[in-house]
Structure formats: structure tokens, C-alpha cells
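S.K.: Mind having a look at this structure? Questions to follow.
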Amino acid sequence: MLTLFLAAALGAAPPVSSPVTVERTGGPLQVRAVAVLPPDVAKKLPVGELKQDEGERVLTFALVDADSGKAGDAMFGRYEHDNGRLVFTPRHSLRAGERYRATLTLGKRTATADYVAPAKKIVGTPAVEKVYPTADVLPANQLKFYVYFSRPMRETSTIFDHIRILDNKGKEVEDPWRRAELWSQDGKRLTLWIHPGRIKKGVNLNEEIGPVLEPDRSYTLEIDGKIQDADGVPLGKTYRKKFSTKKAERSFVLVDDWTLTPPKAGTRGPLTLAFPRPLDHALLKRLVTVVDRNNKPVAGRVELGKGEKSMTFVPEAPWRAEDYRVVVDPELEDLAGNTPEKLFDVDNEALESKPKPQKLRFRPGK
């Protein structure tokens with residue numbers, strides 16, 4: 001056995017503990033593997049930090065397959081050698097409920113140490129909290145849906161097989177999605193793009209298969225209850241958003257068409273903007289800002305109105321009796337992907353005229 005081999009190599013009585021162990025470095029998902037090396041092996045290894053392949057030749061740390069009981073590929077991380085101790089620290093935290101194995105290899109001899117990461121205590125089930133746009137009438141060239149979940153979800157390309165668009169007869173619309181996983185950093189928001197090739201006029205997909213949505217029809221966006229969160233817990237309940245369509249929207253987002261209601265000076269009253277049609281809620285919060293007369297951004301909170309057809313801006317400090325300006329980024333989109341400068345599914349080069357830069361200025365009243 002390797003323990004006896006090591007004991008003989010060190011000229012000591014057989015140790016009780018294994019030459020390889022797994023130790024916690026913080027919480028139960030932060031660990032390191034530690035191996036005690038025989039002197040002849042230690043002499044061959046550089047002191048200090050080792051390259052991945054140098055460390056792997058002696059010590060590996062891997063996820064154990066639940067069915068076969070065999071360790072998989074070695075994980076990436078940091079190897080350090082000091083005074084006959086080789087330490088491996090994984091690059092990422094472990095996954096709750098999984099078994100891992102540290103393996104010390106010396107020629108044909110091996111020793112192992114397993115570690116089971118404690119399973120999370122899971123309470124309740126995940127849920128779909130909200131779907132944007134919230135309006136129930138959408139343009140036939142609707143481009144995106146945003147799905148917000150109550151907790152981080154499992155990121156997998158098969159999710160597109162569990163999110164469907166049904167027509168008014170309950171028939172599934174054929175393959176509507178651009179199958180690119182677009183998750184927020186916290187794993188709670190999924191952005192669903194209707195395939196642009198099914199929207200843009202004259203494109204092969206649109207001509208051969210047809211558009212995903214037709215004007216003046218009724219549809220249902222259906223999110224299957226089988227979709228799982230990051231811990232493998234399914235939604236359990238299927239979510240449905242019913243909506244109808246109107247004609248396609250193929251015009252610029254014109255800031256001059258917005259209605260601005262100024263606040264009162266000396267107060268923290270809201271600045272209100274109303275739009276003639278709904279705008280992309282995620283971009284609206286990020287790409288519409290307020291600056292003062294020195295072009296310095298005004299700190300404050302943005303809230304969206306019903307159907308994303310309005311927004312209010314509440315400043316952190318009272319308004320001053322001076323000029324302010326609403327800055328609109330040219331990348332701001334409506335629900336069909338049109339911006340103040342470009343149309344989504346129109347040949348912009350062929351347009352005879354394009355909107356001029358637009359500005360919204362205001363001065364808080366008395």
C-alpha cells in the first residue's frame with residue numbers, strides 16, 4: 001500500500017493518516033487537496049507555484065461520476081509545492097451535493113481521498129416572476145422577450161425546447177428562437193430573441209418558413225414547468241403569457257414625439273417621460289439618462305410605467321432651478337428593434353432621409 005511505501009521511504013512507522021487529504025479552506029464548497037510527497041519525488045518538483053501539467057502528473061482533483069464511481073478529468077486550479085507538500089486549490093467553488101476525488105500518483109502506486117460537497121437545503125420551487133414586454137398587444141415584428149426567474153436557473157441549450165409560442169389554435173409555431181443563451185450575470189434573466197431571419201423582409205428563412213408572428217392574431221408564450229433551476233429543481237408550473245399582435249412597426253424612435261412633464265424646483269418630484277409606443281424595458285433603464293447644465297449625470301432612480309410606455313426619474317437630491325437635459329443613447333430600441341437612428345428590418349442605406357439628433361431640455365418649474 002502507498003502509506004506503507006511512504007513510511008518506508010521516510011524511515012518512520014506507518015502513519016495512521018492518508019498521504020493525501022482534502023481540507024476545507026472556507027465554506028463547504030471551498031477546499032484544497034494536500035499531498036505529502038516522498039523525498040525523492042519532492043526533489044524532482046520545483047518549489048513554489050507549478051504549472052498545471054507539472055502538478056497533474058502527481059496530484060489530481062476531479063468530479064466523480066455518480067453512476068460509474070470513476071473520477072473524471074482533472075480540474076483546473078493552482079498547484080503549490082513547499083517542503084514536500086503539494087497543494088492543489090480548485091479555480092472554482094465545488095458544486096453542492098457532488099463527490100470529488102483527490103488522487104496522488106507515484107509511479108504505479110496511488111492513494112485517494114474523496115470529498116462530498118454538502119447538498120444545499122432547498123426550500124420551495126423556482127418561479128417565473130415576470131415577462132417583458134408586459135403589454136398584451138405587440139407588433140408582428142416583435143424581437144425579444146425577457147424572462148425573469150425567482151432564482152438562478154440551469155443554463156442549457158435545451159431550454160429553447162421548453163419555451164414555445166402557440167397560435168390561437170394551440171399549435172406550436174415552428175422553431176421561433178435564435179438559439180443563443182443570453183443570461184444575466186446572476187442567472188435569473190433569460191433574453192429570448194425571435195430569430196431575426198424570420199423577421200427581416202426578403203431573408204431566406206422568412207421567405208421559406210414564414211414569419212413567427214402574423215399581424216392581428218392571438219398567441220401564447222408558454223414556459224414549460226420542466227425547466228430547472230441551478231440546483232435541478234423544476235418550475236413545476238407552466239407559465240403562460242397571452243398576447244395579440246398588430247401590424248409590424250417599421251419607424252424610427254422619435255424623441256421629439258415624447259411628452260416631458262418637468263418636476264418642481266426645490267423638490268425631489270419625478271420627471272416624467274411618456275412615449276407613443278412601448279420601448280425595450282432593459283435598454284430604457286440603462287440608455288436614458290439625465291444630465292445637469294455642466295453635463296454631469298444626475299443620480300436618481302428610474303421607474304417604468306404601464307406597458308413600458310412611460311418612465312419617471314426621481315433624483316437623489318432636490319432639483320435646482322436650472323437647465324437640465326435628457327440624454328437618449330442612439331442604441332435605445334422599441335419592441336421591434338428600431339432605434340432613433342436605425343430601422344431593424346429595413347435597408348437603412350436605401351432610406352432617403354434619417355432623423356436628425358434629438359434633444360430634450362427642461363427646467364424645473366416653481
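Please treat every number below as a calculation from the coordinates, not as lab data. In this text, all values refer to a predicted model and were calculated from it rather than measured experimentally. Cβ sites come from the backbone with ideal geometry, for glycine too, and all protein chains shown count toward neighbours.
S.K.: What distance in nm separates the simple spin-label points at residue 353 and residue 129, each placed 7 Å from Cα in the Cβ direction?
M.R.: 4.5
S.K.: Only Cα pairs under 8 Å and at least 6 apart count here; give the relative contact order of the range 255-362 as a rounded whole percent. The partial results should precede the final answer.
M.R.: Values: 194 pairs, mean separation 32.0, N = 108.
Taking the mean separation of contacting Cα pairs over the length of the range 255-362, I get 30 percent.
S.K.: Now, a different point. How big, in percent, is the set of alpha carbon pairs in the range 226-265 lying more than 17 Å apart? Mind showing how you got there, number by number?
M.R.: Values: 539 of 780 pairs.
Distances greater than 17 Å cover 69 percent of the Cα pairs.
S.K.: Give the calculated FRET efficiency between residue 119 and residue 217 to the nearest 0.05, with a Förster radius of 51 Å applied to their Cβ-Cβ distance. Could the numbers behind the result be given before it?
M.R.: Details: r = 46 Å, r/R0 = 0.91.
My answer for the efficiency is 0.65.
S.K.: Hey, another quick one. Tell me, what is the percent relative contact order of the range 2-116, built from C-alpha pairs under 8 Å that lie six or more residues apart?
M.R.: Numbers: 224 pairs, mean separation 32.1, N = 115.
Rounded, it is 28 percent for the range 2-116.
S.K.: At 222 nm, what helix-only mean residue ellipticity would the chain give, in deg cm²/dmol to the nearest 500, using -39500 (n - 2.57) for each DSSP H run of four or more?
M.R.: Working: 5 runs with 32 residues, N = 366.
When only DSSP H runs of four or more count, the value is -2000 deg cm²/dmol.
S.K.: While we're looking at this one, here's another question. Give, as ranges by residue number, the residues of the range 299-332 whose backbone N falls under 14 Å from the point 7 Å along Cα→Cβ of residue 286.
M.R.: Answer for this model: 329-332.
S.K.: Order of 122, 163, 199 from fewest to most other C-beta atoms within 10 Å? Can you show the working numbers first?
M.R.: Values: 122 14, 163 18, 199 23.
Ordered from fewest to most neighbouring Cβ atoms within 10 Å, 122, 163, 199 come out as 122, 163, 199.
S.K.: Let me spell out the model: positive unit charges on the Cβ of Lys and Arg, negative unit charges on the Cβ of Asp and Glu, origin at the Cα centre of the range 131-171. What dipole size does that give, in debye rounded to 20?
M.R.: Working: 6 positive and 4 negative charges, 16 e Å.
It works out to roughly 80 debye.
S.K.: Among the lysines in the range 2-116, how many pairs, 8 or more places apart or on different chains, have alpha carbons under 22 Å apart? Don't jump to the answer; show the numbers that get you there.
M.R.: Values: 43/51; 43/108; 44/108; 70/108.
Counting lysine pairs in the range 2-116 gives 4.
S.K.: About its Cα centre, what dipole magnitude does the chain give when the only charges are +1 on Lys and Arg Cβ and -1 on Asp and Glu Cβ, stated in debye to the nearest 20?
M.R.: Roughly 1100 debye for the chain.
S.K.: Sort 284-292, 167-175 for me by packing, meaning the mean count of neighbouring Cβ atoms within 10 Å per residue, highest on top. Kindly include the intermediate steps, with their values, before the conclusion.
M.R.: On the way: 284-292: 16.3, 167-175: 11.3.
Highest mean packing first, the order is 284-292, 167-175.
S.K.: Counting DSSP beta bridges with both partners in the chain, what percentage is antiparallel, nearest 5? Write out the running numbers ahead of the final one.
M.R.: Values: 78 of 82 bridges.
In the chain, DSSP labels about 95 percent of beta bridges as antiparallel.
S.K.: A further question on this structure: Using the number of other C-beta atoms within 10 angstrom as an exposure proxy, rank 216, 229 with the fewest first.
M.R.: Values: 216 9, 229 20.
Fewest-to-most ranking of 216, 229: 216, 229.
S.K.: Lysine pairs in the range 255-362 with Cα distance under 29 Å, only those 8 or more apart or on different chains: how many are there?
M.R.: 27
S.K.: Could you tell me which label, among (1) 5, 18, 19, 16, 15, 14, 9, 4, 1, 0; (2) 4, 19, 23, 18, 13, 11, 7, 4, 1, 0; (3) 5, 22, 26, 22, 17, 7, 1, 0, carries the value of P(r) over Cα pairs in 10 Å bins from 0, in percent calculated for this structure?
M.R.: (1)
S.K.: Relative contact order of the chain, please, whole-number percent, based on alpha carbon pairs below 8 angstrom and at least 6 residues apart.
M.R.: Relative contact order, the chain: 12 percent.
S.K.: Shifting gears a bit: Taking the beta-carbon count within 10 Å as an exposure proxy, list 145, 61, 160 from fewest neighbours to most. Numbers along the way, then the final one.
M.R.: Values: 145 22, 61 26, 160 17.
With the sparsest Cβ surroundings first, the list reads 160, 145, 61.
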